Every structure is written in C-alpha cells, then in structure tokens.
Amino acid sequence: MPRLQIQTWARIAVASAALVATLAIPFAAPVSAQSLELDTVEFFSPAVDRAMKYNIVLPRGYDESTQRYPVLYLLHGLTQNYTAWGLSNGTPFYAGLYDDLIVVMPDAGNSWYVNWTADAGGQKNNWEDHIITDVINHVDWNFRTIARREGRAISGLSMGGYGAITLGLRHPEMFISIGSTSGALEHARQIARRMRGEAPPRQAPERTAAEQAERAARLRRPNPLIGIDGFSSQVERSPDGQEFPTPEDADAYDPFTLIAQLDNDVLPHIYLDCGTEDRLIGGARELASILMERDVPFDYMQMEGRHNAAYWIQSIGRISAVQYEVMQRALGQRPSGRRRASSN
C-alpha cells in the first residue's frame, strides 16, 4: 500500500546513545539512535465537520518494510494542540528507542474529548467520535497498523489524561492499555457534584477591565503552529454549547463511575502517574486505590514534579516503555511464564 501523502513537519535529530545513559531511562530498548521524521497529516473529520490534523512518528524502515505495527495514541492537554507531545515533550526521541512502534498525536481542541450533548452556533462537537472513529480509522486505513485491541494503546497529559482514561473505559474493546500522566481525572465528577449542589460553584478569577481585554485578545490570536483554518485560536478551539447539561451526562464521562460499571476481566491495563507537587495527584491516588482494592493489574508512579513540561518530558519515557511492553505481550511477542507441574 503506498504511503499517504503527508507533510513533513520537522526532522527530529535523536540524540546519541550517551544521552540515553545520562537520562537513565529504565526501560530503554537496545537500539541505535538515529534521526526520525515527525509528520503532520491533515484529513476531514465528519464527527466535528472540519479539517483536522494529527502528528505521527513512524518507525525507522517503515517505507521499506511490509510489517504491521502497534500504535500508541497520545492526547494533549487543555489549551494545547497536536504539536504538544512532539515538540515540547520529546516523543520522537522516545519513539526512536523502538523499531516497531507508531506514535500518533491527535488534536481535539479544548473539548475534554467528549461528545458535547448541547451544541451551539451550528457546530458539531462530537470529540469522542472524532478520536475513537475518525482519527483511529484514518490511521488504520492509511498506515500499516495492527488494527485490533492488542495493538492499540492510548495515554494523555492533564485534560488528555482524563480523555485517555475515560475513552478507554467507555471503549475497553478498543485498547489493550490506557494511561494518564498528570490527568484531570476528577473533571466530570466535579462538574456533576456542582450541578447536584454537593459542591460550591466554581469561582471565576477576578480580573480588571484591562486584564479582561488583554485576555480576550490573547484568546482570539491564532497560533501559527496549528495551521488549521478556523481552529487555530483558543476561542475557535473552545466548543460552543454545553459539555454536560445534566449531572447524568457528566456521570457518563466520569472514570470513577465508569470503572465501577466494568468487570475486571474487560478492563484494559491502566497506567497512572503524577508529580507529587501537582494538585491533581489526588485523583490519580484515588483511582490507584480503587484498582488495588479490586485487584486489577495496573502501573502507578509518582515522582517529584509539577504540572508542567519538565515533568511530562520525563513521564513520556515511562509511558511509552510500559504501554509498548503491554502491547508486545498481548501480541505474543514476549516470553510467557509457565507454571511447573507439581511433583506431589
């Protein structure tokens, strides 16, 4: 199958093997580092009725091979875009540690990765469908992927961590592993509690008239890195309408509600991490305690760090290593342990 015509966004020079040792990546695969391409793909998404983009990193030798590859999807955070993982957080470097992994970084604006149940202004805001149907199908149709659960994992940071865990729990048949770093995992639950009167309304920060005007101008300013007509400023990237009109709508996208509804044997593998100085760590710890009480296999890590790129550039190494290994084992590419027959 001929390779899809794509725009080469940047050629990332992967650092030498000495840097790998300096970073002390605990799961680094023993391959030689070399340059990788970070490519940008533009396509039409019916779920949101607009042209959209995603970045993709293909393994070395992709064009010369006939092999099919597992895919790791990485979701960006609030106010970020499809370039965040590739430019700021070192994903092409870590993807380059493996010879057989595709990494895809989609865009979903400031949508929280949900299908908005009340649209406005004639917009289509089915952002869950955008990822689950449009992006994944486009990747599977145009690249040589292993297009089944065992060959697919998803993770994200902040809003994207919430999105990856929520989408994975709503579609457990789609992903063998789901993950969150610094995830806003309590997002839907907090909204539902406020709507039920169980928590006080969220207070908007106080701003002077000058501050409000400056902020409004900033939100209307297009980001040239995005390059999507009508979807490059924060105003354009924030859906019109209402995300959750009722508490029940919020419950339907609440990871803590969703996981209580699923049996252990249908759950994907779950990866969680967060910085110890991050205010969102409480949600990760609570979800980890639920998984532990239910005896669900999962990976949890916390390390010193805040809610920023300095933390995420460290966490992506662990995310990719853990989820890559989960996919390889599910695909039968790793030795499996066998119990010895009892001699008694």
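The values are calculated or read from the model by the stated rules, or taken from the named source; none is laboratory data. Treat the numbers as computed from the prediction; the structure is a model and nothing was measured. Quick reminder, even Gly has a Cβ in these numbers, built from the backbone with ideal geometry, and neighbours come from all protein chains shown.
Would you say VAL41 is within 20 Å of ILE228 (Cβ to Cβ), in contact (Cβ under 8 Å) with a residue 12 or more places away in the chain and in a loop (DSSP other than H, G, I, E, B)? Criteria not met by VAL41.
Is at least one residue of the range 238-246 modelled with pLDDT under 95 and part of a strand (DSSP E or B)? Scanning the range 238-246 turns up at least one residue that is modelled with pLDDT under 95 and part of a strand (DSSP E or B). Selection over the range 187-232 of residues that are in contact with a strand residue (DSSP E or B) (Cβ under 9 Å, 6 or more places away or on another chain) and of a type in the set (D, E, K, R) gives a count of 1.
Results for (1) within 27 Å of TYR82 (Cα to Cα); (2) in contact (Cβ under 8 Å) with a residue 60 or more places away in the chain; (3) in contact with an Asp or Glu (Cβ under 7 Å, 6 or more places away or on another chain); (4) of a type in the set (S, T, N, Q), shown as yes or no for each residue.
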site	(1), (2), (3), (4)
PRO201	no, no, no, no
GLU214	yes, no, no, no
LEU219	yes, no, no, no
ASP229	yes, yes, no, no
PRO239	yes, yes, no, no
PRO245	no, yes, no, no
GLY275	yes, yes, yes, no
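Can you say whether VAL135 is part of a strand (DSSP E or B) and either more than 20 Å from PHE175 (Cα to Cα) or not small (Gly, Ala, Ser) (or both), as far as the supplied structure shows? Against the criterion (part of a strand (DSSP E or B) and either more than 20 Å from PHE175 (Cα to Cα) or not small (Gly, Ala, Ser) (or both)), VAL135 does not qualify.
Taken over the range 138-173, residues that are among the acidic types (Asp, Glu) and assigned to a helix (DSSP H, G or I) amount to 2. Taken over the range 45-99, the criterion of being farther than 20 Å from ILE146 by Cα, modelled with pLDDT under 95 and of a type in the set (Gly, Ala, Ser) is satisfied by ALA84, GLY86, SER88, GLY90.
Among the residues of the range 77-99, those identified as within 17 Å of ARG318 (Cα to Cα) and crowded, with 19+ Cβ neighbours inside 10 Å are TRP85, GLY86, ASN89, GLY90, THR91, PRO92, PHE93, TYR94, ALA95, GLY96, LEU97, TYR98. Flag: VAL296 does not match the condition of being out of contact with any helix residue (DSSP H, G or I) (no Cβ under 7 Å at 6 or more places or on another chain) and β-branched (Val, Ile, Thr).
Total residues in the range 287-311 satisfying the condition of being of a type in the set (Asp, Glu) and either surrounded by 15 or more Cβ atoms within 10 Å (Cβ to Cβ) or in contact (Cβ under 8 Å) with a residue 40 or more places away in the chain (or both): the figure is 1. Scanning the range 312-328 for residues that are in contact with a helix residue (DSSP H, G or I) (Cβ under 7 Å, 6 or more places away or on another chain), closer than 19 Å to ARG149 by Cβ and either surrounded by fewer than 20 Cβ atoms within 10 Å (Cβ to Cβ) or among the aliphatic types (A, V, I, L, M) (or both) yields one hit, MET327. Out of SER320, SER232, SER336, SER289, one residue alone is more than 19 Å from ARG189 (Cβ to Cβ), polar (S, T, N, Q) and not in a loop (DSSP other than H, G, I, E, B). It is SER320. Looking only at residues in the range 253-282 that are of a type in the set (Gly, Ala, Ser) and either under 30 Å from GLN328 (Cα atoms) or surrounded by 18 or more Cβ atoms within 10 Å (Cβ to Cβ) (or both), the one that is farthest from the chain's Cα centre (by Cα) is ALA260. Criterion applied to ILE165, ILE191 was being touching a Ser or Thr at 6+ places or on another chain (Cβ under 9 Å) and either under 23 Å from ASN81 (Cβ atoms) or modelled with pLDDT of 95 or more (or both), and the one residue passing it is ILE165. Restricting attention to the range 313-335, the residues that are modelled with pLDDT of 95 or more and more than 17 Å from LEU74 (Cβ to Cβ) total 4. With the condition kept exactly as written, say whether any residue in the range 205-217 is surrounded by 15 or more Cβ atoms within 10 Å (Cβ to Cβ) and either out of contact with any Phe, Trp or Tyr (no Cβ under 9 Å at 6 or more places or on another chain) or part of a loop (DSSP other than H, G, I, E, B) (or both). Within the range 205-217, not a single residue is surrounded by 15 or more Cβ atoms within 10 Å (Cβ to Cβ) and either out of contact with any Phe, Trp or Tyr (no Cβ under 9 Å at 6 or more places or on another chain) or part of a loop (DSSP other than H, G, I, E, B) (or both).
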